[in-house]
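Report on the following structure.
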Amino acid sequence: MPFRALLFDIGDTLWHARNAPPPAVFRSLAAERAAAFLRELGVRCADPALVARTAWDAMEQAMRHARATDLVEPDYGETARRALEEIGLLLDREVAGRLLEATYVSGVEGGKAPYADAGHVLAELRHRGFRLAVVTNRAFGGERFRADLRDAGLDIGWDAETVSVEVGYLKPHPEIFAHALGQLGLSAARCLMVGNSLAEDVAGAQRVGMAAAWRRSAPDAADVRAEYEFDELTELLAIPELQEPAG
Ligand SMILES: [Mg+2]
């Protein structure tokens, strides 16, 4: 299979959350941030912890629903707005979205750390001449996501960055893969998707005609087989089809 580019999932593929603080720490950080956000807005609020939790739970529920149904990214601002209205806090959609983002504890602060070999493997693949992209399911994109990548040492100057919330579709929807291919200007046959989810990364890529390398983890789909399997990222460097890019 003559590859020109590799597309990487991020969570549990390039970074992991082994150092994540306990949930209680997340909750209290989120509550502090909700309090600061509301103070700045000039909104009096008796229970910022409830606000943070309500917005966050609504977002997670919407995300779970989307993953189980049409894979269309929900409007998280509207989702949070409605949930907050139910507890008597009236914000407009845009402000509710900003509150959600303000209370989000992510990246290194959220305990994310790159796998020890991630930087080396990406640098070596690039040195060999492969183009590199990320394709990730995330509720927050933009500068927030880029800062998280930077802090984790994973801002390698990606040739394409495809973030579900920016595209409007979640993996394994074909549109998110098509978007990445469009950014790269390559056909599916020239790309290898690398990820830890059989359902989202492997099956999703294969559905659009892309081969996949599965980082072995608890299987989340039956009857899905990747073209390649590995335990450590370093093993990618030994794959014969990844010694040099197809011309
Ligand atoms: Mg993942």
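The values are calculated or read from the model by the stated rules, or taken from the named source; none is laboratory data. Please read these numbers as outputs of a predicted model, since none were measured by experiment. So basically every Cβ, Gly included, is an ideal-geometry build from the backbone, and we count neighbours across all protein chains shown. Note: accessible area is taken over every heavy atom of the protein model, side chains too, but ligands, DNA and RNA are not part of it. Shrake-Rupley method; radii C 1.70, N 1.55, O 1.52, S 1.80 Å.
Which ones in segment 226-236 are touching a residue at least 12 places away in the same chain (Cβ under 8 Å) and over 19 Å from the mean Cα position of the chain (by Cα)?
Across segment 226-236, the qualifying residues are 226, 227, 228, 229, 230, 231, 232, 234, 236.
Could you say whether any residue in segment 50-57 is more than 16 Å from the ligand (Cβ to nearest atom), over 16 Å from residue 139 (Cα atoms) and aliphatic (A, V, I, L, M)?
Looking through segment 50-57, at least one residue is more than 16 Å from the ligand (Cβ to nearest atom), over 16 Å from residue 139 (Cα atoms) and aliphatic (A, V, I, L, M).
Please go through segment 170-206 and pick out each residue that is open to solvent by less than 20 Å² (accessible area, probe 1.4 Å) and basic (Lys, Arg).
171
Taking residue 63 as the residue in question, decide whether it is within 16 Å of the ligand (Cβ to nearest atom) and not assigned by TED's automatic domain parsing to the domain that holds residue 179.
Against the criterion (within 16 Å of the ligand (Cβ to nearest atom) and not assigned by TED's automatic domain parsing to the domain that holds residue 179), residue 63 qualifies.
Out of all the residues in segment 171-188, which are among the hydrophobic types (A, V, I, L, M, F, W, C) and within 16 Å of the chain's Cα centre (by Cα)?
Across segment 171-188, the qualifying residues are 176, 177, 180.
How many residues does segment 1-23 contain that are within 16 Å of the ligand (Cβ to nearest atom) and either open to solvent by 70 Å² or more (accessible area, probe 1.4 Å) or assigned to a helix (DSSP H, G or I) (or both)?
Total satisfying the criteria: 2.
Of a type in the set (A, V, I, L, M, F, W, C) and within 16 Å of the ligand (Cβ to nearest atom): which single residue out of 202, 105 fits that description?
202
Only one of (1) under 25 Å from residue 69 (Cβ atoms); (2) open to solvent by 60 Å² or more (accessible area, probe 1.4 Å); (3) away from the ligand (no atom under 16 Å from the Cβ); (4) not aromatic (Phe, Trp, Tyr) is not met by residue 209, so which one is it?
(2)
Select from segment 103-149 the residues that are of a type in the set (Ser, Thr, Tyr) and in contact with a strand residue (DSSP E or B) (Cβ under 9 Å, 6 or more places away or on another chain) and list them in ascending order.
Passing the criteria: 115, 136.
Going by what's in this entry, would residue 138 be described as within 16 Å of the chain's Cα centre (by Cα), within 16 Å of the ligand (Cβ to nearest atom) and among the basic types (Lys, Arg)?
yes
Return yes or no: is residue 74 touching a helix residue (DSSP H, G or I) at 6+ places or on another chain (Cβ under 9 Å), more than 16 Å from the ligand (Cβ to nearest atom), closer than 30 Å to residue 213 by Cα and not assigned by TED's automatic domain parsing to the domain that holds residue 228?
It is true that residue 74 is touching a helix residue (DSSP H, G or I) at 6+ places or on another chain (Cβ under 9 Å), more than 16 Å from the ligand (Cβ to nearest atom), closer than 30 Å to residue 213 by Cα and not assigned by TED's automatic domain parsing to the domain that holds residue 228.
Taking residue 168 and the conditions (1) within 16 Å of the ligand (Cβ to nearest atom); (2) under 16 Å from the mean Cα position of the chain (by Cα); (3) in contact (Cβ under 8 Å) with a residue 40 or more places away in the chain, which numbered condition does it fall short on, given that it satisfies the others?
Looking at each condition in turn, residue 168 falls short on (1).
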